[in-house]
Structures are given as C-alpha cells and as structure tokens.
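Undergrad: A single structure is presented below for examination.
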Amino acid sequence: MIADAATSVLAIAALIGGKFWGAGWLDPVMGIAGAGLVAAWAYGLLRDSGKVLLDAEMNAPVVAEIREVIAASPVKARISRPARLARGQRQVRLHRVTCHFAGRGP
C-alpha cells in the first residue's frame, strides 16, 4: 500500500515537473524509480510470506523454551508445527502422546 502511494506521488511529481519546467525526462526517471520501489516491496513480501508458508518463522530460542515447558509438564505431548500468528503472538499445536496397543487392555 505504501509502495502504491509512493509511485503515485512520483507520477504526480513527474507530471508537474514536465508541465511547469518542461522536464520531459522526469517521467521515465520517475517510472524507473517507481519500478525500484515496487520491486523492493515485492521482494520483502515474498521473503516474509515465504517464511510463513514454510513455517520457518519461529526462531529456535522460542521453540526451545516451549519444548522445555512441555517436558516439565505431567502430560506428555509433542509439538507439531509451531507458527507465528501475528506480532508477539505464537501458536503451537500439541499432540498428546498415548500408548494403546490393540487387544491389550485400556
């Protein structure tokens, strides 16, 4: 959204510069600058969404702390897919570990 607004401001600046000062070269220069802004924005978007989609978002110290808390708990569980929901919010799916063999009691 910011990249879109910035490219609009650059286009308006190029139009004003071309009309009042006869700077016809300003339009292509602002076009290239706008393309650079959009490319930088797209790179950041791909990098951030790639981390989320590949579940590489959670850093190791946070996951290690979660594993320590689970290990100290009387209920045995294992972590499946730790993920970040939003800034400062984490989600961890836990699976309770049970042992049950077919035909051998409860």
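The values are calculated or read from the model by the stated rules, or taken from the named source; none is laboratory data. Owing to the predicted nature of the structure, the values given are computational and were not obtained by experimental measurement. Methodologically, a virtual Cβ is constructed for each residue, glycine included, from the backbone with ideal geometry; neighbour enumeration extends over all protein chains shown.
Undergrad: Before we move on, is P82 of a type outside the set (G, A, S), at pLDDT below 80 and surrounded by 11 or more Cβ atoms within 10 Å (Cβ to Cβ)?
TA: yes
Undergrad: While we're on this one: Condition (residue is aliphatic (A, V, I, L, M), over 23 Å from Q91 (Cβ atoms) and over 27 Å from the mean Cα position of the chain (by Cα)) applied to region 30-45: is it met by at least one residue?
TA: Yes: region 30-45 contains one or more residues that are aliphatic (A, V, I, L, M), over 23 Å from Q91 (Cβ atoms) and over 27 Å from the mean Cα position of the chain (by Cα).
Undergrad: Another question, if that's okay. Residues to consider are V52, V9; find the one that is under 30 Å from S80 (Cα atoms) and surrounded by fewer than 14 Cβ atoms within 10 Å (Cβ to Cβ).
TA: Result of the check over V52, V9: V52.
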